[in-house]
1. Tally the residues that are of a type outside the set (S, T, N, Q) and closer than 16 Å to Thr56 by Cβ, restricting the search to segment 1-27.
2. Show the residue pairs that are 6+ apart or on different chains and have beta-carbon atoms under 7 Å apart, the first residue being within segment 669-683 and touching a residue at least 40 places away in the same chain (Cβ under 8 Å), the second being acidic (Asp, Glu).
3. How many of the residues in segment 332-371 are part of a helix (DSSP H, G or I) and either closer than 19 Å to Met398 by Cα or in contact with a helix residue (DSSP H, G or I) (Cβ under 7 Å, 6 or more places away or on another chain) (or both)?
4. When only residues in segment 691-709 that are among the aliphatic types (A, V, I, L, M) and within 25 Å of the chain's Cα centre (by Cα) count, which is modelled with the lowest pLDDT?
5. Residue pairs, Cβ under 7 Å, 6 or more apart or interchain, first in segment 302-326 and within 16 Å of Asn269 (Cβ to Cβ), second modelled with pLDDT under 95 and of a type in the set (A, V, I, L, M, F, W, C). List them.
6. So, in segment 167-195, of the ones that are in contact with a helix residue (DSSP H, G or I) (Cβ under 6 Å, 6 or more places away or on another chain) and surrounded by fewer than 19 Cβ atoms within 10 Å (Cβ to Cβ), which residue ends up modelled with the lowest pLDDT?
7. Taking the options Gln294, Gln278, name whichever one is buried (at least 17 other Cβ atoms within 10 Å of the Cβ), of a type outside the set (A, V, I, L, M, F, W, C) and over 19 Å from Thr357 (Cβ atoms).
Amino acid sequence: MSTTAMNFALSSTYQNNLTSSGAGNNGVYVNATAFDGNGNFVGTINLISNGVMSGTSSLQLTNGTTLTGGNVVITVQQTGGTIAPLTLNSSTTIGSLLNTGNATASNYRYDAIEVTLLGEGSDVADLTNIVQFGAPMSLSVSYSGASGLPTDTRGYAISGQTLINDLIALSPSGSQNYSFAPGSPLNQQRETLSLANNVNPNPLNVASDWNSYVTGFQSVTGDVYLAAYFNGVSGGPGPSLSYYNVAYDSSAGVFWLNPVALNGISTTNYSLRIPATQTSGSQVNALTQNIYTQGGTLDVYTAQNGTLVQTYNTFTPNNAYGNIAKYLVAGFDAGFWGGSANSANPLSTGKIDLNQTWNWGANYAYAAINAPAGSGSFGYTNSIGTGTGTVGDPARKMYYDPFAAEFFKSSNAYGYSYSDLISNGGGVNPGISVYDPGTKTNVTAIDVKLFDLSETPTGYKPPTFNYVAPTGSTYSPAATATSDQFLFDFSLAGKYAPVSGTPMAFRFYAPGQAQAGSDGFVTFNLPVNYNQIYSLTNSGGQWTLTANASSGAIGYFNITGAPMTSDGSTSWYQIVLGTGSSAKTYNIYAHGTASTVTSAVIDGGAEAQLIPGQANQVKFSFNPGGSITFDPAYFASSNPTPPTPPPQNLAAPLVGTLNSGGSFNQFASLLDLKQSDVAFSWSSTGDGNKIEAGNIAEIRLADKDNADWIMTPIITQSTLNGDWVTKLSSQFGNGDYSAFMQQYRPTDYDLNNPVDSATVAVDFSVNLDTLGLVSADGGTALGLTAGGSTTAGNWIQLNATSSTLPNGTLIAYATDASGNMIARDGSITTSLDAAALGRIGSVASDSGATFFSGEQSIYLPVGQELHFAIVAGNGVVDTTPTVSVTGSGPTLGISVSDSFGRINLTAQVDNTLSESATLAASQRLTDHGWIYLTQNAQVGVNLAWSGDYVNTLHFVRIDVNPADATQWQVGGVAYGDTDAFRNAVQSNWEFMSTQGHSTGTANAVWSVQGDSGYYAPVLVTPDGMWMLNNSATSTANSDGRQHVRTFGENVFGFEDTIASKGADFDYNDMIVKLTML
């Protein structure tokens, strides 16, 4: 074993203050005292005695021995009067020294450094402020030349006094009055309490602060999964892989953490029972009581509602069960539960679900408190709640721990029990290694420097975010062949790894290469047996990945020949593990040459390490230090089953219509319905299907004859009684359909965390008779003649055949026989926007060549008339154009014209909707230029353009408030003309196609990566970012104008120029037509 000492130094300012500028004789004493893991005395040294430097600065921690879980406590004491210098000897225990009452009585400040010295690679030292903060320090450790490691440090980013001021502001008034007793020179704050301080009661540690968050957590438990690996304890519990989900028992008010079985793999196999909140004065095991600190008990059961196996006298015992429990409480402290976010790289799209521990990262902790300006907080949002409430409010609503957040933001010290866990993936772990891999022993010295409160200490390491931004708007192509080697290790503890057959892909960003996709990446899917030694070569512009031999190691492969950029700028790569909802993408950023790798970082919680002595090698570890960064279900299956949705055990929805007063009338029969506009309602049949008051009811629809078609769900909110009724929804052509209701909490904008129970499905069929299509209102509108049929309406298919409008469009709307406009909800309206049933037009290039001629299907009830308004390219609306309906029989001709030009259409009844018409329901039902898509949908993107600018097309999911459809968000940021919203759009968009400075067409394929929802096209141009308007008076476009126009089913055109530069609003600068593949 090695000999390790802790060496102390004082800054000149602090030394002058403590020694009265060298005069001494001022009653100040400074000591450093070491204790072992049991709190027993190891040794002490005196640094200052009565204001005089002692000349001793080194405290021996080990001398051929070990130290497990040790602490070194630095005390700064002002004596005088009845206060005598501390007596520190073998009878001193750490508990007596780290005691607020004793510290007050003896007028001393204390700070602690934790250290373990076992001669093992996991040995660390750290600064800790979990109990209190005294004064700032820095840690520094140097390693041997053979290690290849630079000196490592830890410290604070701000002065001690600034930190104290911040902590006082977070504390109840008057609770931090802990100054030194009057007397020079120590007239500062003596100590500032933290959450684990033993003062009783601790005014900071109020369990009820967490009531609101814990209550809201009940709504997301179906999406919550925890995965951890316990390394075992010598002479105690052995190693164990743990994989758990969470269930809430509302009748008992308890959470159950239940093990998830992994086929063929032994895992931790008992359940944990944890009451949600405190219900009795003697209770100590409630979740709310154990988030700030973990002083309660933990109950282990054979299974949910099974037999009690054991009650541990600490909430996080040092075993596999305690290991899982600490993840549970850390998720609350850091604000992970209910959270979602984006990659730090705005070019890497897709939402990160923080309800799974393998997606956690320091970038998102404490509401992304460390995110840099302009990042939009990495798109962090939380469906349960946000903020930390009001200090001292007995009904405080806390959605993360503000005290721990302050240390996380401003220091490298522990501010919470599990700051190390929370710091993974972009943060700085408080622990600094005291093991030297070059000598394979502990380091010989740990250097500590003490600072005055007025000083900002040295040693602070800022977070890295595990992201390297491009030098320009995007990265240069990594298209230069090299001999560099990338080593990939997906193993955990040398025992677990993704099974053979798990989909994996290696990707490098190289736009312009022949094999690059529309997103600019060249992609190589690894073979079924991915554990190979690969070479990546380029011949004649063609890249080839060759598997040469087995790697011979579990979960390991390497690639020789990873390409780099030619200009030395950042190269961007991705590793994709798995498919579907359980897939994970890791972004890698590297610098190097044809034969060297000079730097590398990787996100997603993985770790990058340059290999000492191997200039061309870098290793990427995907479960570093035993952490798990991907779904451990891949240890057992190459295609793991996604989380089970809530059970469908409520009564089926009722299907019917709404009368003129808005009341629901159930259909007598669900066979061969004679209308397309349908509503759904709660039912009292059997056990009924009322839901929790205020919950969102989503009606999920399916075309039984075309199961892969996407239908737009119908949303409504339940009343205080828990009953619910939807509006009429016109999206059913002739065919067979199925519907069921799934419920969500009203705060779940994404509607991706279903809760409680869903209904069973109800089947119904629509069989509309073909009615007569006729001209109406003197030949200026369309109408239907029912004859003797009971069919209540028909679908009218409109096709644009020619147009002289400069890329103008028509709005189709309905009126009653008296000419009153009918809103989409069936009421009378004077708003054309509210009445719009569909938009159609024809869009051409600048030379006049037609790009797309629109199609549109409109449902028209019998007794109503279909009219048309013109919207010119400049946005002027003509509600009284000249309309002429001609012809007879199944197809009619329609001519609509005014001073702007003419557009000609054909119209016919077609009650069998196409896939395109079905998909376009999201546009017809809302009159918005977006499309409802499901995750992993494959979409054909047909592009056309005619303009001078070079523009880039993306798509972004817009989250619509289910309780108020006028309120939109992207990545948790409210829709609007703000930089914050534009940053959120950039952080969340997906798909990319850059075209322009010409007239042309192209085709691409878009695989939807995000959750199901409404996706809107976004165009990035030299003048700005353009997207759809929320309403006529609400836009995110910086010039306040409409820059997106709908030309028919799933066809959208853009104007790329800002109005102030003379935009022509021809909407042909980028046109996109979407089709399902």
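1. Keep residues of segment 1-27 that are of a type outside the set (S, T, N, Q), which gives 1, 5-6, 8-10, 14, 18, 22-24, 27.
Narrowing further to those that are closer than 16 Å to Thr56 by Cβ: 5-6, 8-10, 18, 24.
Going through segment 1-27 one residue at a time, the tally reaches 7.
2. Taking only residues 6 or more apart or on different chains, the pairs are Leu670/Asp763; Trp682/Asp723.
3. The initial filter retains those residues of segment 332-371 that are part of a helix (DSSP H, G or I), namely 332-333, 357-359, 362-368.
This time we only want the ones that are either closer than 19 Å to Met398 by Cα or in contact with a helix residue (DSSP H, G or I) (Cβ under 7 Å, 6 or more places away or on another chain) (or both), so: 332-333, 357, 362-368.
Counting residues in segment 332-371 that are part of a helix (DSSP H, G or I) and either closer than 19 Å to Met398 by Cα or in contact with a helix residue (DSSP H, G or I) (Cβ under 7 Å, 6 or more places away or on another chain) (or both) gives 10.
4. This residue is Ile696.
5. Thr302/Val309; Gln304/Ala247; Asn319/Phe230; Ala320/Phe230; Asn323/Phe230
6. Once the filter is applied, the top-ranked residue is Pro185.
7. Numbers: Gln294 fails: over 19 Å from Thr357 (Cβ atoms).
The match here is Gln278.
Residues are listed down the side, and each one gets a yes or a no for (1) at pLDDT below 95; (2) of a type in the set (Gly, Ala, Ser); (3) touching a helix residue (DSSP H, G or I) at 6+ places or on another chain (Cβ under 9 Å); (4) assigned by TED's automatic domain parsing to the domain that holds Pro806:
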residue: Val876; (1), (2), (3), (4): yes, no, no, yes
residue: Thr879; (1), (2), (3), (4): yes, no, yes, yes
residue: Pro890; (1), (2), (3), (4): yes, no, no, yes
residue: Val896; (1), (2), (3), (4): no, no, no, yes
residue: Leu919; (1), (2), (3), (4): no, no, no, no
residue: Val941; (1), (2), (3), (4): no, no, no, no
residue: Gly947; (1), (2), (3), (4): yes, yes, no, no
residue: His954; (1), (2), (3), (4): no, no, yes, no
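The values are calculated or read from the model by the stated rules, or taken from the named source; none is laboratory data. Nothing here was measured: the structure is a model prediction, and the numbers come from that model. Note that we place each Cβ from the backbone using ideal geometry, even for glycine, and neighbour counts take in every protein chain shown.
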